[in-house]
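The values are calculated or read from the model by the stated rules, or taken from the named source; none is laboratory data. From a predicted model like this one, the values you see are computed outputs, not experimental measurements. Don't worry about glycine lacking a Cβ; one is built from the backbone with ideal geometry, like all the others, and counts go over all protein chains shown. Only protein heavy atoms, including side chains, enter the accessible area calculation; ligands, DNA and RNA are left aside. Shrake-Rupley method; radii C 1.70, N 1.55, O 1.52, S 1.80 Å.
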Amino acid sequence: VWEYTADVDISQNKPISIVLTQFHFLLLLHDRIKAICTLNGQVVFEDVFPDKFGPLKRMIKDPIGGLVWIYTERAVFRYHIQREARDVWQMYMSMNKFDLAKEYCRDRPECMDMVLAKEAEYCFLNRRYLESAKCYAMTQNYFEEIALKFIEAKQEEALKEFLLKKLNNLKQSERTQITLLVTWLTELYLNRLGQLESDGNSLIFQETRNEFHQFLSSSKHRECLFNNRGTIYDLLASHGNVDDMVYFSVVMQDYERVISHHCQHDNFSAALDVLAKHCNEKLFYKFSPVLMQHIPKNVVDAWIQMGKKLDPKKLIPALMNYSQMGSAQQIKETIRYMEFCVYELNVTEEAIHNYLLSLYAKYKTDSLLQYLRQAGTHPSEIHYDLKYALRLCAEHGFLKACVLVYRIMELHEEAVDLALQVSAASSWSEAICSSLEEYNKHIEELKQEMEEATESAKRIREDIQEMRNKYGVVDSQEKCAACDFPLLNRPFYLFLCGHMFHNDCLFQVKSISKLSLQTTL
């Protein structure tokens, strides 16, 4: 119920008509019209009519067009109401009805900013800090002043909310501001987590940690987090927050740091799981030496699973990284992987075959001779170093293997000499005989070739000597076999078969024969 204003005496000057608009009462008195705001009861408009039009009779509102009509005895007046709600937001704001105030200034940013600032201040004074932070984040007020207010009030949660809202409102081009807010928020989250952990509030602690993880994995700020990951790591380390550091490393795909963390805490299986999951060859080469010392079987299984993606030569340091008295399992798994490379992957690198030979010689002697036999009998088929194999076998006293290597190197005399020194079973005597037979056969072949060459040379010498002692007798009546003229008239040739030709006739016959042969062809 609204009271009439003081200048309205309802006993003597009772309003003639009343019209209600959206935000005002229109009162028609005997000489004027008044507009009173329905929100605060204040008179916002007054219009006095001259006496020349006569006394006012009535005021009516057109319900369709919204026009207000007033008439006297001599005239009709029309009022057209425009932008009635233009200042309503201020009234609502002064009444602390901020939602209604914002409703009536949506298309006026400068007014909206004033309403938000007023609402933020109102909430702050009433200790509704989170609501205040959300409103402050949408204003154009100075960032530093607002942040300082929350810091002085020791309201870190409200400050965090304010920074989050500000961060989400920034453009991607504002990189400096984004970096500042991301770093600051990380520090606030870590402080809050540390406080909750000390208080033993596990439920809120887990909720805050999940919120922090969402912040770290935000795709919107991923570029900033990646570019400043060193700073984030330092903050996490300074708070001793290992679990979140591992989580952040995974988000940043910084698997090397994750694996290093697991290794430092002797969680080698977890480290290998990360390696196997992401199949990064460089990380395999880097961390395999450490892992091979503790979980050799699992490591070799992972290597075999990787197959040809790994270069066995780069894994040799990891394979050799067991102590002088390495465990039986380490040695066994090392041999297993080397055999996989040789027999499954068909690796031909000499270093791999030489290393497998050394392992056989030291730890699996029964496989050494079998390997040498399977590797081939001709140097072109061999992938290991023959000289190294010979020295290795000699150092370890494997004379049978030495004999085999000598045979491959075609050093038959050395093979026979060494074989004769070996006191072996009858099965190995067959090998000696085989070596001797092969050696004798080779000697016989060389001897046969030498005899044939000697015989051929002898026949050639006899033919030459016989030719030197031969001569012929030419009668003065002899004629050229080609031109039938006397032979002694010109230089001539006498053949062993008895034919005689003038020198020029012989060459002429030779030319004609050649021409005839070409024509025939």
Open item on the list: Take LYS154 and ARG128, extend 7 Å from each Cα along the Cα→Cβ direction, and tell me the distance between the two endpoints in nm.
Closed with: 2.4
TODO: List, largest first, the extents of the alpha carbons of segment 1-152 along their principal axes, each in whole Å.
DONE: 70, 32, 23
Open item on the list: With every protein chain kept in place and ligands, DNA and RNA left out, what is the accessible area per residue of the chain? Probe 1.4 Å, answer in Å².
Closed with: 62
- [ ] Count charges around LYS52 for me, please; just the other residues with Cβ under 14 Å from its Cβ, Lys/Arg as +1, Asp/Glu as -1.
- [x] -2
- [ ] Please list the radius of gyration and Dmax for segment 291-406, considering alpha-carbon atoms only, with Å as the unit.
- [x] 14.2, 41
Task: Whole-percent carbon and sulfur share, accessible surface of segment 51-168, 1.4 Å - done: 50
- [ ] Determine the sum of side-chain charges near VAL76: Lys and Arg each +1, Asp and Glu each -1, restricted to other residues whose C-beta is under 12 angstrom from that of VAL76.
- [x] +3
Open item on the list: Tell me which of GLY65, HIS396, ALA302 sits at the most positive position along the dipole axis of the chain, charges placed on C-beta atoms (Lys, Arg +1; Asp, Glu -1).
Closed with: GLY65
Open item on the list: What does the charge count around ASN298 come to, taking other residues whose C-beta lies under 14 Å from its C-beta (Lys +1, Arg +1, Asp -1, Glu -1)?
Closed with: +1
Task: C-alpha center-to-center spacing [segment 183-211, segment 292-323] in angstrom - done: 41
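Order the following by accessible area, largest value first: TRP184, TRP89, TRP2. Probe radius 1.4 Å; ligands, DNA and RNA are ignored.
TRP2, TRP184, TRP89
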TODO: With 19 Å as the limit, write out which pairs from LYS34/LYS97; LYS14/LYS34; LYS314/LYS387; LYS97/LYS134; LYS102/LYS171 have Cα-Cα distances beyond it, or answer none.
DONE: LYS34/LYS97; LYS314/LYS387; LYS102/LYS171
Task: Carbon plus sulfur fraction of accessible area for segment 255-336, probe 1.4 Å, in percent - done: 50
TODO: Starting at the first residue of segment 91-105, write each ³J(HN,Hα) from the Karplus equation 6.51 cos²θ - 1.76 cosθ + 1.60 with θ = phi - 60°, in whole Hz, x for Gly and Pro.
DONE: 5, 4, 5, 5, 8, 6, 9, 6, 5, 5, 4, 5, 5, 9, 9
- [ ] Can you tell me the 0 to 90 degree angle between the C-alpha axis of helix 143-152 and the longest principal axis of the chain, rounded to 10?
- [x] 80
Open item on the list: Along the Cα→Cβ direction, 7 angstrom out, place labels at MET320 and TYR343. What is the inter-label distance in nm?
Closed with: 2.5
Task: For the chain, size of Cβ-based charge dipole, Lys and Arg +1, Asp and Glu -1, in debye - done: 1860
Task: Distance in nm between pseudo-label sites at ALA453 and GLN465 (7 Å out along the Cβ direction from Cα) - done: 2.2
Open item on the list: Taking 51 Å as R0, compute the FRET efficiency from the Cβ-Cβ separation of LYS332 and SER217 and round it to 0.05.
Closed with: 0.75
Task: Among SER173, LEU159, ILE146 the positive-end extreme of the charge dipole of segment 133-197 (Cβ point charges) - done: SER173
Open item on the list: Against the 2.2 N^0.38 Å scaling, with N counting residues, where does the chain land? I'd like the Cα-based Rg ratio to two decimal places.
Closed with: 2.36
